[in-house]
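Heads up: the structure comes next, in structure tokens.
Just so it is clear, none of the values below were taken in a lab; they were calculated from the coordinates. Bear in mind that the values here come from a model prediction, so they are computed numbers and not experimental data. Neighbour counts are summed over all protein chains in view; Cβ atoms, including those assigned to glycine, are modelled from backbone coordinates with ideal geometry.
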Amino acid sequence: MPEPSSKGALGVIASLGHAVNEIAQRLGFVARFFAAILLYSGQSFRRIHLTIREMYFSGFQSLLIMLVSSLFIGMVLGLQGFETLQRFGSAEALGIMVALSLTRELGPVVAALLFASRAGSSITAEIGLMKATEQLMAMDMMAVNPIARVVAPKFWGGVLSMPLLASLFSAVGVFGGYLVGVVVIGVDEGAFWSQMQSSVDFRLDIWNGIIKSFVFGIAVSLIAVFEGYDSIPTAEGVSASIRRTVVNSALTILALDFVLTSFMFRGL
Amino acid sequence: MLFDDCLIRIDQLDFSYDDRAILKGVAMDIPRGKLVAIMGNSGCGKTTLLRLIGGQLRPARGALLLDGQSVPDMPHAQLYALRRRMGMLFQFGALFTDISVFDNVAYPIREHTRLSEEMIRDMVLMKLNAVGLRGAHALMPTELSGGMARRVALARAIALDPMLIMYDEPFTGLDPISMGVIGHLIRRLNDALGATTLLVTHDVQEAFGLVDYIYFMSGGEVVARGTPDEIRASTDPLVHQFVYGETDGPLHFHFPAPPFADELTREIADA
Ligand SMILES: Nc1ncnc2c1ncn2[C@@H]1O[C@H](COP(=O)(O)OP(=O)(O)O)[C@@H](O)[C@H]1O
Ligand SMILES: [Mg+2]
């Protein structure tokens with residue numbers, strides 16, 4: 001933090017300008033890196049098994065944490081939703097409330113947050129360690145492009161897993177809400193499902209949720225591969241990169257969610 | 001010109017990181033088919049020079065010709081085509097830790113050829129046999145000792161029978177026996193493959209018995225050159241100090257610092 005008393009107002013402005021400049025430079029670097037990934041994606045898609053393998057690593061291995069978290073979140077939604085709705089005598093609208101909360105917001109957002117900490121961090125760690133142990137440099141000297149061979153498959157593996165995981169998250173969450181709302185509390189089962197069916201719109205709710213999770217998948221995967229590739233090749237450097245992946249992903253997901261929600265559901 | 005047939009010609013080569021000059025006017029000719037050592041104290045720019053030859057860094061100035069072609073001016077695709085005919089052994093091996101010894105050696109073959117798995121298997125086992133590790137093909141890199149990992153990396157570096165092999169300090173951290181084994185191997189591979197070899201090392205004893213020619217570097221410059229016998233007889237104080245491992249001479253053990261006495265005086269004054 002700058003100290004206004006010792007540097008005066010000019011000092012504050014200067015360090016602010018310095019920080020902004022640094023962030024802008026870093027963003028420019030990320031953009032160029034993204035362009036390089038896209039450029040070499042053709043090469044890596046010709047070896048599609050690489051991307052499928054990464055989907056398995058980042059996607060399949062996040063499954064358990066997704067299933068457990070979504071079940072609990074769905075059950076909490078069932079409880080809280082029932083408490084609130086019954087005050088207005090509309091407990092049978094519980095199905096709509098649970099389904100909309102999940103497909104529009106909680107599914108994509110929480111799944112992406114979990115994905116960043118489970119899969120994003122390990123993507124950063126893997127790439128960072130490969131860099132620190134000169135594996136990336138060795139690959140490049142063998143005339144194998146590390147962006148095409150390592151980075152792009154990890155990126156696309158994450159991007160493609162994310163919508164699948166988020167959809168699964170929403171589905172299991174709805175089931176959790178059903179368990180608490182219908183099976184435990186005793187909301188009418190027919191009303192729970194039929195209200196949900198009639199009010200959840202495919203394009204507005206489900207499709208927008210999928211688009212959100214796709215955007216989050218791009219953001220998280222890009223941050224994870226970038227931080228790994230850009231890490232300082234030491235133990236501390238890699239650990240700092242992992243931390244940045246988790247923190248920056250979380251902030252980016254939440255900020256993007258606000259922007260996307262404004263456009264999708266308020267028509268801004 | 002010193003040799004008539006050179007694989008690598010370097011002239012007036014300058015390189016700097018940011019504004020710190022690392023290489024200053026380096027000139028070297030590497031004769032084809034020979035084993036050449038690049039020696040010098042740590043930090044004098046040896047690894048940097050290898051990375052310049054491999055095209056991973058670009059010089060600020062100067063000429064760097066490999067087989068008659070200018071490496072710094074090559075477009076990416078041509079550079080990659082060239083690197084397929086180069087093998088580089090990194091200081092710590094740089095084996096891919098997520099795949100087995102066999103797959104590590106097979107890696108460049110699978111990436112760059114369309115041979116059948118059967119032929120790849122034959123080639124890989126042959127290369128592993130050359131470094132004496134055919135029996136270790138199923139191990140993972142984490143299960144290897146330092147010397148074994150270096151030998152596997154060597155097998156990987158020569159998988160595609162390169163015309164140029166570069167070794168970055170292959171002897172560091174090895175026991176005398178492994179050192180002898182690897183040194184012998186480097187010589188034998190150079191002669192058997194008809195390749196040209198660059199050996200970066202500061203192990204004087206090992207290198208002198210092994211190589212055909214030596215370049216001596218200090219502070220980013222070539223300060224001496226010659227056959228092992230010529231270097232041994234050199235009267236240059238720096239070369240003499242290095243070859244005979246003397247503590248007293250033009251090379252300093254201490255990083256530049258203000259005189260110790262001054263610092264002590266200041267500490268006392270502060271107190
Ligand atoms: N990526 C880098 N950025 C800045 N300086 C570097 C970098 N890599 C190496 N250097 C510096 O360049 C000099 C030469 O390094 P190097 O070629 O690795 O020496 P060596 O002869 O020991 O192999 C060293 O002083 C080192 O500090
Ligand atoms: Mg070095």
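Segment A:181-227 and segment A:12-77 have Cα centres separated by 21 Å. Neighbour counts of other Cβ atoms within 10 Å put A:TRP207, A:TRP156 in the fewest-to-most order A:TRP207, A:TRP156. Inter-chain Cβ neighbour count for A:140-150, averaged per residue, equals 6 (cutoff 10 Å, partner chain atoms only).
Highest mean first, the peptides B:52-62, B:37-47, A:253-263 sorted by other C-beta atoms within 10 Å per residue fall in the order B:37-47, B:52-62, A:253-263.
Can you spot the lysines whose alpha carbon is less than 26 Å from A:LYS212's alpha carbon? Ignore those fewer than 8 places along the same chain. Once the sequence-local lysines are set aside, what remains near A:LYS212 is A:LYS154.
State the Cα centre-to-centre distance between segment B:1-41 and segment B:76-145 in whole Å. After rounding, the separation between the Cα centres reads 28 Å.
Under a 5 Å amide H cut-off, with hydrogens placed 1.01 Å from N, B:THR196 pairs with B:GLY33, B:LEU164, B:ILE165 among residues at least 5 apart or on other chains.
Dividing the summed helix terms, -39500 (n - 2.57) for each DSSP H run of n ≥ 4, by the number of residues in chain B produces a 222 nm estimate of -11000 deg cm²/dmol to the nearest 500. When B:LEU65, B:LEU210, A:LEU27 are arranged by Cβ crowding within 10 Å, least crowded first, meaning fewest neighbours, the order is A:LEU27, B:LEU65, B:LEU210. Under 5 Å between amide hydrogens, built in the peptide plane, is the criterion, and for B:ILE22 it picks out B:PHE15, B:SER16, B:TYR17 among residues at least 5 positions away or on other chains. Under 5 Å between amide hydrogens, built in the peptide plane, is the criterion, and for B:MET217 it picks out B:MET39, B:GLY40, B:VAL223 among residues at least 5 positions away or on other chains.
Note on B:110-119: average number of Cβ atoms from other chains within 10 Å of each residue's Cβ is 1.
Per residue of peptide A:126-138, the mean number of Cβ atoms on other chains within 10 Å of the residue Cβ is 4. 3J(HN,Hα) along segment A:16-25: 5, x, 4, 4, 4, 4, 5, 4, 4, 4 Hz, from the Karplus curve 6.51 cos²θ - 1.76 cosθ + 1.60 with θ = phi - 60°, whole Hz, x for Gly and Pro. Each residue of segment A:40-264 gets 125 Å³ once the volume of the Cα convex hull is shared out per residue. Note on B:ASP19, A:ASP230: ascending count of other Cβ atoms within 10 Å places them as B:ASP19, A:ASP230, the fewest first. Each residue of segment A:147-154 was assigned a 3J(HN,Hα) from its phi angle through the Karplus curve 6.51 cos²θ - 1.76 cosθ + 1.60 (θ = phi - 60°); the sequence is 5, 5, 8, 10, 6, 4, x, 5 Hz, with glycine and proline shown as x. Coupling constants for segment A:171-184 follow from the phi torsions by the Karplus curve (6.51 cos²θ - 1.76 cosθ + 1.60, θ = phi - 60°), and in residue order they are 4, 5, x, 4, 4, x, x, 4, 4, 6, x, 8, 6, 8 Hz; glycine and proline get x. From the Cα gyration tensor of segment A:1-70, with a ≥ b ≥ c the square roots of its eigenvalues, which class applies: rounded if a/c is under 1.5, or else prolate if a/b is larger than b/c, or else oblate? Taking the square roots of the gyration eigenvalues as a ≥ b ≥ c, segment A:1-70 is oblate. Rg and Dmax, both from the Cα atoms of the protein assembly as shown and both in Å, are 30.4, 102.
What are the aspartates and glutamates whose alpha-carbon lies under 12 Å from the alpha-carbon of B:LYS34, with same-chain residues fewer than 8 places away excluded? Hits, sequence-local ones excluded: B:ASP5, B:ASP191, B:ASP212. Judged by the gyration tensor of its Cα atoms, with axes a ≥ b ≥ c, segment A:167-233 is oblate; a/c meets the 1.5 cut and b/c is at least as large as a/b. The sum of -39500 (n - 2.57) across all DSSP H runs of n ≥ 4, divided by the residue count of chain A, sets its helix-only mean residue ellipticity at 222 nm to -26500 deg cm²/dmol.
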